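Below: the structure, in structure tokens.
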Amino acid sequence: MNILGVIPCRMESKRLPGKPLKDINGKSMIQRVYESAMKCGKINDLIIATHNDEIYSHVKGFNGEVIKTSDNPINGTERVYEAYKKINKEYDYIINIQGDEPFIKFQQIEDLIKICKEPNDICTLIKEEKFSDELNKNSVMKVVKNINNEALYFSRSLIPYGDTSLYSRHICIYSYKPSVLKKIVHLQPTPHEISESLEQLRWLENGFKIKLKSTVYDSFSVDTKNDLEKARNLNL
């Protein structure tokens, strides 16, 4: 199976501007993401996609593979698709790896690849957890699934409602069949997507299925200054 990994990367974060180049104990955030993903031997090609000249030069500086996109994409999915078109090679699946998760595990990518097969057009990961204050934050995405391990709904709220022993926290890494990626980037925003500010709800509302795979490996996204300090303290 031929797999492309793309790390979409931009500087314009509202809560932590310039975060891809933030230093985490001697290496930038984006370098840490790239080097972690490179450990996955099941990815055929791995590339960072950005429209920013500073990021582009920085990636070149640590000998990473990078491609320049336009500044038109409004989200990471669109940037991944634009990079894929520029590469102009055939792949069975394209993996969207978040550029703000410096402690992503290559095992997470391997877990995702295990379900990259027919008829799974879109795949992503979950981690099953007991209730915690961290899980209850609206910055942490939750998901409920059906009996076929397909997503029913994603939310910033704690779902499902009521007492439950385990919740499913979304690990924000996706794989797509190229033909499906081409379709979803042309979809218009939908009501639930707008309400939750979660792009994957657009796909569900348009009838696409999202296959889920449980992983035991953890990671977290760096969205704020507090997250950045947490990352620096974790990297001992």
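The values are calculated or read from the model by the stated rules, or taken from the named source; none is laboratory data. Here the structure is a predicted model, which is why all the values come from computation and not from measurement. Ideal geometry is used to build each Cβ from the backbone, glycine not excepted, and the neighbour counts take in all protein chains shown. Side chains included, ligands, DNA and RNA excluded: accessible areas come from the protein's heavy atoms. Shrake-Rupley method; radii C 1.70, N 1.55, O 1.52, S 1.80 Å.
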So how exposed is residue 141, as accessible area in Å² (1.4 Å probe, rounded to 10)?
-> 40 Å²
Let me know the volume per residue of the alpha-carbon convex hull for segment 69-134, in Å³.
-> 149 Å³
Can you send over the carbon and sulfur percentage of the accessible area for the chain, probe radius 1.4 Å, protein chains only?
-> 47 percent
Considering the convex hull of the alpha carbon atoms of the chain, report its projected area averaged over all viewing directions, in nm², one decimal.
-> 12.6 nm²
Between the alpha-carbon centers of segment 108-153 and segment 27-87, tell me the distance in whole angstrom.
-> 24 Å
Residues meeting the amide H criterion for residue 48 (H placed from the backbone, H to H distance under 5 Å, 5 or more places apart or on another chain) are 7, 65, 66, 67
Listed residues 80, 216, 185, most fluctuating in the chain (Gaussian network, C-alpha, under 10 Å) | 216
Find, among the chymotrypsin sites (Phe, Trp or Tyr not before Pro) in segment 145-236, those assigned to loop by DSSP (not H, G, I, E, B) with at most 16 other beta-carbon atoms within 10 angstrom.
-> 161, 217
Averaging sequence separations of C-alpha pairs under 8 Å and six or more residues apart, then dividing by the length of segment 1-151, give the relative contact order as a whole percent.
-> 29 percent
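Run through the DSSP bridge list for the chain and note the antiparallel percent, rounded to the nearest 5.
Numbers: 19 of 37 bridges.
DSSP beta bridges in the chain are roughly 50 percent antiparallel.
Taking segment 40-126, which chymotrypsin sites (Phe, Trp or Tyr not before Pro) meet the DSSP loop condition and have no more than 15 other C-beta atoms within 10 Å?
Working: sites: 56, 62, 81, 84, 91, 93, 103, 106; in loops: 62, 91, 103.
The qualifying sites are 62.
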What pairs from 22/60; 85/213; 117/211; 117/209 go past 21 Å between their alpha carbons?
-> 85/213
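Using Cα-Cα distances under 8 Å and only pairs 6 or more residues apart, what relative contact order does segment 1-71 have, in percent?
Values: 96 pairs, mean separation 24.5, N = 71.
Worked out over segment 1-71, it gives 34 percent.
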Trypsin sites (Lys or Arg not before Pro) in segment 14-93 lying in a DSSP loop, each with at most 15 other Cβ atoms within 10 Å of its Cβ, come to 14, 15, 39, 42, 89
